[in-house]
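Shown next, in structure tokens, is the structure this report addresses.
The values are calculated or read from the model by the stated rules, or taken from the named source; none is laboratory data. Bear in mind that the values here come from a model prediction, so they are computed numbers and not experimental data. Virtual Cβ from ideal backbone geometry, glycine too; neighbours counted across all protein chains shown.
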Amino acid sequence: MSSSGTIVMPGERISAIEEVAKSKRVILGPGLRRLDDTVVASKAGPLRHKEPNTFWVDNYQRRYVPARGDLVLGIVKAKAGDQYRVDIGSADLASISYLSFEAATKKNRPDLNPGDLIYARVLVASADVEPELVCVNSNGKRGKLGQLADGFFFKCSLNLGRVLLRENCPALAALTRRLPYEIAVGVNGRIWLKAHSLRETIALTNAILALEQAGYAEIDKVCDNLEDFLQA
Amino acid sequence: MFMNSNLFEPGKSKQEKQFIQLAVKQNQRFDGRRSNECRDVELTFGSDWGTVAVSLNDTKVLAQVTCDMGAPTTSRPYEGKLQLNVSIGGVAFLDEMQSTYDQRFLTLNSQLERTFRSSRCLDLESLCVAAEKHVWCIRVDINVLNHDGNLYDASTIATLAALMHFRRPDVTYANDELRIYTEKERELIPLLFLHYPVSVTYCIYKSNPQPLVDPTLLEENAADSVIVLSFNSYQELCTLNAGGTVPTNVRTIMQCARYAATRCKAIVEFIRKTLALDEERRLQGTGPSQGLLALLGENKHKLSFKQLMEGYQKQDSPTLQDSQMEVDAAQTSEKPNVAEVPVKEEQPIKQETGKLVQDAKPMDTSTWLPQEATNDQELPTPSRVVSLKVGKGKNRAKNKANKKQQQLAKKQNHSDSEEEVTQVI
């Protein structure tokens, strides 16, 4: 991935991509849009490129727009009929059926109350219908999904959530070398964290929130300083 | 309004609240402060008179004072007007409904009104130019730029600093003709004050009797009750706002009040120092001429509480601990000598400013301080607002003085102190 870092603004025509498109197919990621023969940015931020042909705009955002397959953290807001209403940070509340939990039947309902935190996958995401979540995979197993108890939960930007979820992200690995902890990161910019002691949880939270200010290149530098947070 | 409108606000979910309760129980705060430690206060003065930006770490408030001529109200024909305008549109995680009608912001507004208007901190009569015709209308615009908890303190500090920094043009009124002089013709005049009130905010949790001072947004949202105390620089109580659901101990409130009184005094002292520094800078002719962005960014115009008041805090801390020890001691013994300590400190100040204090009709600290200290019974204040206004202080002080004697005789049984409670509320 190259971080060419040219800043594009919404409505800006990006001729660089058009050049590439003449010779081969290109994939336009989030923040880019095709209008007839031209490529136009729809969000502001640095333009990113991944070989061979993927382009996207890495804009700073805190409002989550649901997409199918995303792993999200949600807070149960209410019970409605045979569904729970869950706040996942999007414009609408999402819904999750009583039956989309592991080993749940009509008789054996999951025990969730308003205010509980769940880790779920987005099943249906459309502009016109409210999003729907599931807490099981296609085999009916829960995997790592389901209710999250104890620990601390906080919100961050969507970018930070994505950075932490990258396969080669050095941050979580660097933290693991210091302390054992459990973490659940949602692409909706919400993070759940649990360490042995309260003190460690606070330190980890502060360390992760400090990454918010760091660019792609500075992550390593911040990670080296993580010890400061743990000692503080 | 969306159902999930508090989406981006920290501290609103069950998980966060539970965690904060636990953290408070273990005396841990997220930014590593102790429970009685405040954040640093930073003041930045703008190029105009009466423009001040205050930041408590991430909480940022901008106050601007303007004045113009207007007609007085018929009920108070000899007094100028003071208008306080709070706007919280700048806080991104609140939607329109929340920033206009949310309970907290109505509270903030009334808190400011009570601290500055009801306590009559400005000498409004000095703002009268011609009775029943022309008076100065002073308008304070308080703009919340970022909200990370403790808006009360940030706004009161900003308002007070802006009012103290502000200068109005000179004016003459002769033969039905009003003449306002420009800065070049005559020097601008600062406003006259009767006293200088500032607030201090505390958060109280069910899990720990020790209150937290200067809460962040996370702590404030997770708190069971929030207490806001306003004191002026003579350490007289101007406003007390105690809401929430925790049964609050009188002892806790007294402990808060004692600390808050010294803290308020220190802050007013700090504002005075910064004003002097700003004056110096203006005389040198290299006055600040940056825009808002530069004001809030990191630059040399920032005046920090921790730097300026370093010596003061060191001096202050031992006496503070002493007074807290005395509160504790007072609980066990019959606490006759506690009363005398604050009174003795008061007297020299009062003599100097005796006239001003009389005008302000302040509550006599010597009567209310020990009086309340004798009540160590639980005072439940579930979601109720207790407000003590300075204006009514005198009568109440007399009542209290009588009561105190009765109480000492009866050795304060329970029913007695309950009477006392209802009266205050």
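Some values worked out for this structure:
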| item | result |
| --- | --- |
| Residue in the range A:134-147 that is farther than 17 Å from B:Ser13 by Cα, away from chain B (no Cβ under 14 Å) and outside any loop (DSSP other than H, G, I, E, B) present | yes |
| All positions within the range B:43-59 that are surrounded by fewer than 20 Cβ atoms within 10 Å (Cβ to Cβ) and closer than 16 Å to B:His147 by Cα | B:Asn57, B:Asp58 |
| Criterion violated by A:Asp87 - all others in (1) farther than 21 Å from A:Arg190 by Cβ; (2) within 14 Å of another protein chain (Cβ to nearest Cβ) satisfied | (1) |
| In the range B:209-231, the residues that are within 19 Å of the chain's Cα centre (by Cα) and assigned to a helix (DSSP H, G or I) | B:Leu217, B:Glu220 |
| Verdict on A:Leu175 being part of a helix (DSSP H, G or I), away from every other protein chain (no Cβ under 14 Å) and crowded, with 16+ Cβ neighbours inside 10 Å | yes |
| Hits in the range A:124-133 - residues which are more than 14 Å from chain B (Cβ to nearest Cβ) and either surrounded by fewer than 17 Cβ atoms within 10 Å (Cβ to Cβ) or more than 14 Å from A:Leu93 (Cα to Cα) (or both) | A:Val124, A:Ser126, A:Ala127, A:Asp128, A:Val129 |
| Selection status of A:Gly151, within 29 Å of A:Thr105 (Cα to Cα), within 14 Å of chain B (Cβ to nearest Cβ) and modelled with pLDDT of 85 or more | yes |
| Selected residue [among the aromatic types (Phe, Trp, Tyr), surrounded by fewer than 19 Cβ atoms within 10 Å (Cβ to Cβ) and over 20 Å from B:Ser119 (Cβ atoms)] from B:Tyr181, B:Tyr205 | B:Tyr181 |
| Matching residues, the range A:51-78, being touching a Phe, Trp or Tyr at 6+ places or on another chain (Cβ under 9 Å) and of a type in the set (D, E, K, R) | A:Asp58, A:Arg62, A:Arg63, A:Asp70, A:Lys77 |
| Candidate set from the range A:103-123 (those that are under 25 Å from B:Gln18 (Cβ atoms) and in a loop (DSSP other than H, G, I, E, B)); member that is nearest to the other protein chains (Cβ to nearest Cβ) | A:Gly115 |
| Selection count, the range B:229-243, where residues are touching a Pro at 6+ places or on another chain (Cβ under 8 Å) and in contact (Cβ under 8 Å) with a residue 60 or more places away in the chain | 7 |
| Those residues of the range A:77-86 which are at pLDDT below 90 and either of a type in the set (Gly, Ala, Ser) or closer than 15 Å to A:Gly146 by Cα (or both), in sequence order | A:Ala78, A:Ala80, A:Gly81 |
| Residue satisfying all of: in the range A:92-102; within 14 Å of chain B (Cβ to nearest Cβ) and in a loop (DSSP other than H, G, I, E, B); surrounded by the fewest Cβ atoms within 10 Å (Cβ to Cβ) among these | A:Asp92 |
| Selection within the range A:178-216 - away from every other protein chain (no Cβ under 12 Å), assigned to a helix (DSSP H, G or I) and of a type in the set (D, E, K, R) | A:Arg178 |
| Of the criteria (1) part of a strand (DSSP E or B); (2) without any contact (Cβ under 8 Å) to a residue 24 or more places away in the chain; (3) more than 24 Å from B:Gln15 (Cβ to Cβ), which one A:Arg85 fails | (3) |
| Failed criterion for A:Leu32 (all others in (1) more than 14 Å from chain B (Cβ to nearest Cβ); (2) under 30 Å from A:Glu12 (Cα atoms); (3) surrounded by fewer than 20 Cβ atoms within 10 Å (Cβ to Cβ) hold) | (3) |
| Any hit, the range A:49-61, residues being within 14 Å of another protein chain (Cβ to nearest Cβ) and modelled with pLDDT of 90 or more | no |
